[in-house]
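Asks: Please read through the structure below; I'll follow up with questions.
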Amino acid sequence: MQQIDYIINEANASVSATVNGQHYPLPALWLRERCQDSENLDKTTKQRFFDPHQLDENVSLVKVKKKHNTLANLTFSDGYSGEYDLNEFAADFDVWDGAPNDIPWKSNVDKSLFHIDLATLKSEAGLIKGIEIFLTYGVLIVDNVPTESDAVLEVANLFGHVRETNFGKYFEVFTRPNSNDLAYRSVPLGPHTDNPYRNPMPGIQLLHCLENQTTEGLSTLVDSLSVLEQLKKEDPDGFALLCKVPVRYRYYDNDVDLIERRTMIESDPSGRITGIAYSPRLDYLPLLQDEEMVIFHRARKRLGQLLCSPEYEWRFRLEPGQLQMFHNTRVLHGRTGFDPSEGRRHLQGAYIDIDAPKGRYNALKRKQGSMYTDAAIESASTNGEFEIANTKATAETEEMRG
């Protein structure tokens, strides 16, 4: 089992950590900010009573007294002295911040991994399991949801708070003429990100099937992380442009005109690729020099081909009583066309923010006393994905970024 080993050196007045075989000195300023005594840190909220931004940037350790392998009394040049439980630093060494690391998937993945029953989600242990599935694969299929109006909101509220938009708290997906979005027609919809014209974009979408009397109208899901790995291998120059050149997205109807500019390939602050903003119905080719224009268009063309490839795209019939919940920018969704004269196809959808399930997951794990355990650290470290304070991109991310 992977462990963090701390080295408390009294002679040199220093503290360091070794994680997954790599050594990390812990700077005095870094340690000083993390003082743990009740005069400086509220034990309930973990919020500070002092302003660490005003600390002396040249503060140093002047004395280190080892009390245990992970317990030390540290004295600093600014006169502060306090006891430190080094186990409290475990969170700083977990790039996934307590959550399970994501696993990219292709269409041949075992789909049973994605399913969970609504009744299971109503217990704490079941909700933890459901969130783990979602955080790992970017998708969750909830079975046995009542085929009643507003049931999508009940499921959404298990994971977070519903985000209301110009479409309402939830939106109805069924065929109607002259609708304000092609989603409300019977035409096929290729894999896409919802609302890339909005800032911020919806993090999570839920789609609940109330009726489905058509033979077509198959739902589609595709994991952009797997697709982007392939695009990077095939076209690193085009991949790089999609990472850095903003694209304009627009949506308008009689009541609203929304415009946003963002890159097609999305990443988090540490540089780790997280997904894409992709919607050929709504984007506009950026103005570039001729050579770059060709490279950019070639890359987005290939991206679209990969997203629709049977190797990556999963097609399935969403049955009444099933709900699909997916990470909006990681797992793209779509639908095959259908004949509305066959019968009614009626879904209800809603949005919640991406941070909500992870926040609930961490809170539930903390209640169980299992957050930031050695096992969690091992998960972040085993694949070379460990980084300290998110300042170093992982090996996998560096490969993706180039």
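The values are calculated or read from the model by the stated rules, or taken from the named source; none is laboratory data. Remember, predicted model here, so these are calculated numbers, not experimental data. Cβ: placed from backbone, ideal geometry, glycine included. Neighbour counts: every protein chain shown. With ligands, DNA and RNA removed, areas are computed over all heavy atoms of the protein, side chains included. Shrake-Rupley method; radii C 1.70, N 1.55, O 1.52, S 1.80 Å.
Asks: Would it be correct to say that Arg272 is under 18 Å from Lys301 (Cβ atoms), touching a helix residue (DSSP H, G or I) at 6+ places or on another chain (Cβ under 7 Å) and either open to solvent by less than 10 Å² (accessible area, probe 1.4 Å) or in contact (Cβ under 8 Å) with a residue 24 or more places away in the chain (or both)?
Replies: no
Asks: Return a yes/no flag: does segment 296-303 have any residue that is within 30 Å of Ser149 (Cα to Cα), out of contact with any Leu (no Cβ under 6 Å at 6 or more places or on another chain) and surrounded by fewer than 14 Cβ atoms within 10 Å (Cβ to Cβ). Can you show your working first?
Replies: We begin by selecting, within segment 296-303, every residue within 30 Å of Ser149 (Cα to Cα); these are none.
No, there is no match, as no residue in segment 296-303 is within 30 Å of Ser149 (Cα to Cα), out of contact with any Leu (no Cβ under 6 Å at 6 or more places or on another chain) and surrounded by fewer than 14 Cβ atoms within 10 Å (Cβ to Cβ).
Asks: Within segment 146-164, identify whether any single residue is farther than 27 Å from His346 by Cα, at pLDDT 95 or above and acidic (Asp, Glu), and answer yes or no. Quick ask: steps written out before the conclusion?
Replies: Applying the first criterion (farther than 27 Å from His346 by Cα) to segment 146-164 yields none.
Scanning segment 146-164, I find no residue that is farther than 27 Å from His346 by Cα, at pLDDT 95 or above and acidic (Asp, Glu), so the answer is no.
Asks: The conditions are (1) open to solvent by 20 Å² or more (accessible area, probe 1.4 Å); (2) more than 30 Å from Ala17 (Cβ to Cβ), and Val139 fails exactly one of them. Which is it?
Replies: Just one mismatch for Val139, condition (1).
Asks: With the structure loaded, tell me whether Thr44 is polar (S, T, N, Q), closer than 25 Å to Gly369 by Cα and assigned to a strand (DSSP E or B) or whether it fails that test.
Replies: Numbers: polar (S, T, N, Q): yes; closer than 25 Å to Gly369 by Cα: yes; assigned to a strand (DSSP E or B): no.
It is false that Thr44 is polar (S, T, N, Q), closer than 25 Å to Gly369 by Cα and assigned to a strand (DSSP E or B).
Asks: A follow-up question, please. Within segment 73-89, work out how many residues are of a type in the set (Gly, Ala, Ser), open to solvent by 30 Å² or more (accessible area, probe 1.4 Å) and touching a strand residue (DSSP E or B) at 6+ places or on another chain (Cβ under 7 Å). Outline the logic, then answer.
Replies: From segment 73-89, those of a type in the set (Gly, Ala, Ser) are 77, 79, 81-82; that's our starting set.
With the extra rule that they be open to solvent by 30 Å² or more (accessible area, probe 1.4 Å), the set shrinks to 77, 79, 81.
Next, from what is left, pick out any that are touching a strand residue (DSSP E or B) at 6+ places or on another chain (Cβ under 7 Å): 77, 81.
Residues flagged as of a type in the set (Gly, Ala, Ser), open to solvent by 30 Å² or more (accessible area, probe 1.4 Å) and touching a strand residue (DSSP E or B) at 6+ places or on another chain (Cβ under 7 Å) within segment 73-89 amount to 2.
Asks: Same structure, new question: Go through the residues of segment 101-112 one by one and say whether even a single one is in a helix (DSSP H, G or I), surrounded by fewer than 14 Cβ atoms within 10 Å (Cβ to Cβ) and either at pLDDT 95 or above or not acidic (Asp, Glu) (or both).
Replies: Here is the first cut: in segment 101-112, the residues in a helix (DSSP H, G or I) are 111-112.
With the extra rule that they be surrounded by fewer than 14 Cβ atoms within 10 Å (Cβ to Cβ), the set shrinks to 112.
Narrowing further to those that are either at pLDDT 95 or above or not acidic (Asp, Glu) (or both): 112.
Yes.
Asks: Sticking with this one: Hey, among Leu231, Leu210, Leu225, Leu242, which residue is within 24 Å of Leu318 (Cα to Cα), within 24 Å of the chain's Cα centre (by Cα), touching a residue at least 60 places away in the same chain (Cβ under 8 Å) and crowded, with 20+ Cβ neighbours inside 10 Å? Explain how you work it out, then say what you get.
Replies: Values: Leu231 fails: within 24 Å of Leu318 (Cα to Cα); Leu210 fails: within 24 Å of the chain's Cα centre (by Cα); Leu242 fails: within 24 Å of Leu318 (Cα to Cα).
Selected residue: Leu225, the only one of Leu231, Leu210, Leu225, Leu242 that is within 24 Å of Leu318 (Cα to Cα), within 24 Å of the chain's Cα centre (by Cα), touching a residue at least 60 places away in the same chain (Cβ under 8 Å) and crowded, with 20+ Cβ neighbours inside 10 Å.
Asks: Does Ser309 meet the test of being of a type in the set (Ser, Thr, Tyr), assigned to a helix (DSSP H, G or I) and over 22 Å from the mean Cα position of the chain (by Cα)? First the steps, then the outcome.
Replies: Values: of a type in the set (Ser, Thr, Tyr): yes; assigned to a helix (DSSP H, G or I): no; over 22 Å from the mean Cα position of the chain (by Cα): yes.
Taking the combined requirement at face value, the residue does not satisfy it.
Asks: Could you check, for segment 59-68, whether at least one of its residues is within 26 Å of Gly369 (Cβ to Cβ), of a type outside the set (Lys, Arg) and out of contact with any strand residue (DSSP E or B) (no Cβ under 8 Å at 6 or more places or on another chain)?
Replies: Checked segment 59-68: at least one residue is within 26 Å of Gly369 (Cβ to Cβ), of a type outside the set (Lys, Arg) and out of contact with any strand residue (DSSP E or B) (no Cβ under 8 Å at 6 or more places or on another chain).
Asks: May I pose another question? If I go through segment 119-136 residue by residue, how many of them are open to solvent by 40 Å² or more (accessible area, probe 1.4 Å) and assigned to a helix (DSSP H, G or I)?
Replies: Here is the first cut: in segment 119-136, the ones open to solvent by 40 Å² or more (accessible area, probe 1.4 Å) are 119-120, 122-125, 129, 132.
Filter again for assigned to a helix (DSSP H, G or I), leaving 119-120, 124-125, 129, 132.
Counting residues in segment 119-136 that are open to solvent by 40 Å² or more (accessible area, probe 1.4 Å) and assigned to a helix (DSSP H, G or I) gives 6.
Asks: Can you confirm whether segment 249-264 contains a residue that is crowded, with 20+ Cβ neighbours inside 10 Å and either assigned to a helix (DSSP H, G or I) or aliphatic (A, V, I, L, M) (or both)?
Replies: yes
Asks: Any chance segment 20-42 includes a residue that's of a type in the set (Gly, Ala, Ser), at pLDDT 95 or above and open to solvent by less than 40 Å² (accessible area, probe 1.4 Å)?
Replies: Yes, that holds for at least one residue.
Every residue, every condition in (1) at pLDDT below 50; (2) in a loop (DSSP other than H, G, I, E, B); (3) within 27 Å of Gln205 (Cβ to Cβ); (4) of a type in the set (A, V, I, L, M), yes or no:
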{"position": "Gln324", "(1), (2), (3), (4)": "no, no, yes, no"}
{"position": "His346", "(1), (2), (3), (4)": "no, no, yes, no"}
{"position": "Gly349", "(1), (2), (3), (4)": "no, no, yes, no"}
{"position": "Ala356", "(1), (2), (3), (4)": "no, no, yes, yes"}
{"position": "Ala363", "(1), (2), (3), (4)": "no, no, yes, yes"}
{"position": "Ala375", "(1), (2), (3), (4)": "yes, no, no, yes"}
{"position": "Glu378", "(1), (2), (3), (4)": "yes, no, no, no"}
{"position": "Ile388", "(1), (2), (3), (4)": "yes, yes, no, yes"}
{"position": "Glu396", "(1), (2), (3), (4)": "yes, no, yes, no"}
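Asks: How do the pairs read when you match residues in segment 30-48 that are over 13 Å from Leu61 (Cα atoms) and among the polar types (S, T, N, Q) with residues anywhere that are surrounded by 15 or more Cβ atoms within 10 Å (Cβ to Cβ) and at pLDDT 95 or above, using Cβ under 8 Å and keeping only pairs 6 or more apart or on different chains?
Replies: Going by the 8 Å Cβ cut-off, the qualifying pairs are Gln36/Gly82; Gln36/Tyr84; Asn40/Gly82; Gln47/Leu41.
Asks: Looking only at segment 326-344, count every residue that is modelled with pLDDT under 95 and buried (at least 20 other Cβ atoms within 10 Å of the Cβ) and tell me the total.
Replies: 2
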